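What follows is a short report on a single structure.
The values are calculated or read from the model by the stated rules, or taken from the named source; none is laboratory data. Since this is a predicted model, take the numbers as computed values, not measurements. With ideal geometry, Cβ positions are generated from the backbone for all residues, glycine too; neighbour counts draw on all protein chains shown. The area values use the complete protein model at the heavy-atom level, side chains included, leaving out ligands, DNA and RNA. Shrake-Rupley method; radii C 1.70, N 1.55, O 1.52, S 1.80 Å.
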Amino acid sequence: MKDPVFSYEFFPPRTPLGERRFWRTIGRLEAQEAAFFSITYGALGTAQPQSVTAVENAARECDTPIAAHLTFEGSTKEEINAVARSYRDAGVDRIVALRGDAREDAAQARTRGDCYKDVPDFINGLLEIHPFDISVACYPDVHPKAKSVDADLQALKEKIDAGANRAISQFFFDVDEYERFRDRAAVIGIHVPIVAGVLPIRDIDSVVSFSAKCGAKVPDSLIKAFSKGAQDHDTMAKLSQDQLDSFIDQLIERDCRHFHIYTLNQMVNIKRCRPRQLLDVSVSRGLSA
Ligand SMILES: Cc1cc2nc3c(=O)[nH]c(=O)nc-3n(C[C@H](O)[C@H](O)[C@H](O)COP(=O)(O)OP(=O)(O)OC[C@H]3O[C@@H](n4cnc5c(N)ncnc54)[C@H](O)[C@@H]3O)c2cc1C
């Protein structure tokens, strides 16, 4: 059976302290085998130019391949294509192609020029620029704006048919839900890997509040187990690590082989992750994962 593969998501740092944490975590995770590090675009209140700087710096400094997130909402085709071309020129071969959340400047962008209409259209545009390896987003708990469960899955199929190599899921906590989602996807002809998005639980209140915005379901049992006050810091850290290890183990039992860890720029210890074999660096830099 194939060993599990891990990728790690970061957001661009905004402060000098954040910058130190970003590079410290990247440095420590560089010692692990990783399929890629991905860097978000304009998410969590960061400005898009900060993403461009972080991607270009990471591409220069890291041995692990970098996947740059790109969102088309709020930009004209020409504006976002220019960013994609600058990534290609910086040697970034992987893009996570996204709509992005509804932005106030979306209508304004349409007055400046032609805009991509949806993610498949965006993927077509990206592939005209360069044969990027493309990941897209998917939602085991269903995207809050989707018209229905089936419409959400159909939207994913259209993104895969446009040329995406894998779908990275929004974080979720119910392995049965993930399995059902993957089975439903296979039934409608989606055969690329459905990468499991994993959010380590550090602060349950922020997990609950973030989940409410993105439509992820947090089981009551998790909220109860992680609720503050009952445990000291060390007990909580152990609970968090045990939950992460057990969640990944359960997914491996269901044949999941690629995990995308939402690090929030903090160090994560993955029991199943192997130290990097330096002799294999050229292999891990390939686009096979
Ligand atoms: C792995 C991952 C990485 C992400 N990275 C970033 C990032 O770097 N920056 C960032 O800003 N956001 C990021 N997001 C959030 C993402 O941009 C939002 O979830 C966005 O609302 C949908 O993007 P999408 O690419 O899935 O779009 P789509 O595939 O178009 O949408 C997914 C589903 O939601 C429905 N939907 C979404 N928006 C609308 C709408 N306006 N009108 C009608 N239907 C809609 C679609 O019909 C479809 O069913 C990420 C999400 C994931 C899962």
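Quick notes on this one:
- Residues that are within 22 Å of Lys238 (Cα to Cα), in a loop (DSSP other than H, G, I, E, B) and within 14 Å of the ligand (Cβ to nearest atom), drawn from region 190-216: Leu199
- Subset of region 258-278 that is open to solvent by less than 40 Å² (accessible area, probe 1.4 Å) and assigned to a loop (DSSP other than H, G, I, E, B) - its residue that is farthest from the ligand (Cβ to nearest atom): Arg276
- Flag if Gly215 is in contact with a strand residue (DSSP E or B) (Cβ under 6 Å, 6 or more places away or on another chain) and touching a residue at least 40 places away in the same chain (Cβ under 8 Å): no
- All positions within region 141-167 that are more than 10 Å from the ligand (Cβ to nearest atom), of a type outside the set (D, E, K, R) and under 20 Å from Gly215 (Cβ atoms): none
- Of the residues making up region 163-207, those that are surrounded by 17 or more Cβ atoms within 10 Å (Cβ to Cβ), at pLDDT below 95 and either under 27 Å from Leu127 (Cβ atoms) or within 19 Å of the chain's Cα centre (by Cα) (or both) number 0.
- Among (1) more than 16 Å from the ligand (Cβ to nearest atom); (2) under 16 Å from Asn265 (Cα atoms) - the single one Ser51 does not satisfy: (1)
- Each residue in region 96-117 was checked for being among the acidic types (Asp, Glu) and either touching a helix residue (DSSP H, G or I) at 6+ places or on another chain (Cβ under 7 Å) or modelled with pLDDT of 95 or more (or both), and 1 pass.
- Among (1) in contact with a Lys or Arg (Cβ under 6 Å, 6 or more places away or on another chain); (2) modelled with pLDDT of 95 or more; (3) surrounded by fewer than 20 Cβ atoms within 10 Å (Cβ to Cβ); (4) not small (Gly, Ala, Ser), the one test that Pro131 misses: (1)
- When Val136, Val83, Val96 are checked against the criterion of being without any contact (Cβ under 8 Å) to a residue 40 or more places away in the chain, under 17 Å from Thr40 (Cα atoms) and within 14 Å of the ligand (Cβ to nearest atom), a single residue qualifies: Val83.
- Condition check for Pro120: open to solvent by 20 Å² or more (accessible area, probe 1.4 Å), near the ligand (Cβ under 9 Å from one of its atoms), modelled with pLDDT of 95 or more and within 17 Å of Ile95 (Cβ to Cβ): yes
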